[in-house]
Amino acid sequence: MDSLHAPWRIDYILAPKSPAQPGNHSLFAAIAASSDDVANHVVARGRTCYAVLNTYPYNGGHLMVVPYRQVPGLEGLADEELLELMRMVRDCQAALHDVMKPHGFNVGINLGVVAGAGIVEHLHVHVVPRWTGDANFMPVIAQTSVVPEALHDTARKLRDALARIRGSRAPQP
C-alpha cells in the first residue's frame with residue numbers, strides 16, 4: 001500500500017493546547033490582533049468580525065468568520081456583531097462560489113466540545129464549499145483531506161472576490 005503524507009497536520013497535532021478558561025485568549029484573538037493578514041490567511045475584515053481560511057481545512061476553501069470579541073456562543077454577541085457576522089458569512093459564501101464554483105456549502109457553528117468545537121472559547125462560523133463526490137475515501141480511510149490549492153493562492157483570490165462583492169453592496173449616495 002502507498003502512503004500519502006500530510007505533513008502540515010503535524011504542526012496542529014504537536015501544538016500546545018491550553019484548556020479553555022475565562023481570560024484565555026484564543027488563536028482567533030491573536031489573529032484578530034495581528035496586522036499580518038497574508039501570513040494568517042485573513043481574507044476580509046469588518047468592524048466587528050473577520051474571515052480567515054482554515055489552516056487545517058475539511059475541504060479547499062474552508063473558511064471561518066470570527067467575531068473580534070472572544071465570546072463562546074451567539075448569546076454573547078451584540079446585535080451589531082451578529083448582523084455583521086451573518087453578512088460576512090453571506091459575502092464569503094458568494095466569494096467562494098465566484099472563485100471555486102462549488103456545488104453546495106456546509107455552513108455551521110460548533111458550540112461546545114461535544115459538538116465538535118476545537119476552539120470552544122471563541123465563537124466562529126464555518127463556511128465549507130462542497131462538490132459532488134468530494135467525500136471520497138481519503139478522509140474515511142486515510143483521515144487525510146486533499147486540498148488542491150495552496151492557502152495563500154486561495155486567500156488572494158477570495159480577497160479580490162470579496163472586495164468586488166462588498167463594494168457592490170456598499171450604500172449608494
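For the range 67-78, 3J(HN,Hα) computed residue by residue from phi via the Karplus equation (6.51, -1.76, 1.60; θ = phi - 60°) reads x, 4, 6, 7, 9, x, x, 4, 5, x, 8, 6 Hz, glycine and proline entered as x. Counted over all Cα-Cα pairs of the range 21-166, pairs farther apart than 22 Å make up 37 percent. Distant-in-sequence amide contacts of residue 68, defined by a placed amide H-H separation under 5 Å and a gap of 5 or more residues or a different chain, comprise 49, 50.
Take 49-55, 155-161 and order them by the average number of nearby Cβ atoms within 10 Å per residue, most first; the result is 49-55, 155-161. Per-residue packing, averaged as other Cβ atoms within 10 Å, sorts the ranges 61-67, 117-123 into the order 61-67, 117-123, beginning with the highest.
Between residue 130 and residues 5 or more places away or on another chain, which pairs have amide H atoms under 5 Å apart, with H built 1.01 Å from N, and which residues are they? Counting only residues 5 or more places away or on other chains, the set is 103, 104, 105, 106.
Sequentially through the range 57-65, phi angles give Karplus couplings (6.51, -1.76, 1.60; θ = phi - 60°) of x, 6, 8, x, x, 4, 10, 9, 9 Hz, Gly and Pro residues having no value and appearing as x. For the range 81-88, putting each phi into the Karplus relation 6.51 cos²θ - 1.76 cosθ + 1.60 with θ = phi - 60° gives couplings of 5, 4, 4, 5, 4, 5, 5, 5 Hz, in residue order, rounded to whole numbers and with x for Gly and Pro.
Readers should treat all values here as calculations from the given coordinates under stated rules, not as data from a laboratory. Please read these numbers as outputs of a predicted model, since none were measured by experiment. When we count neighbours, we look across all protein chains shown, and the Cβ atoms used for this are built from the backbone with ideal geometry, even at glycine.
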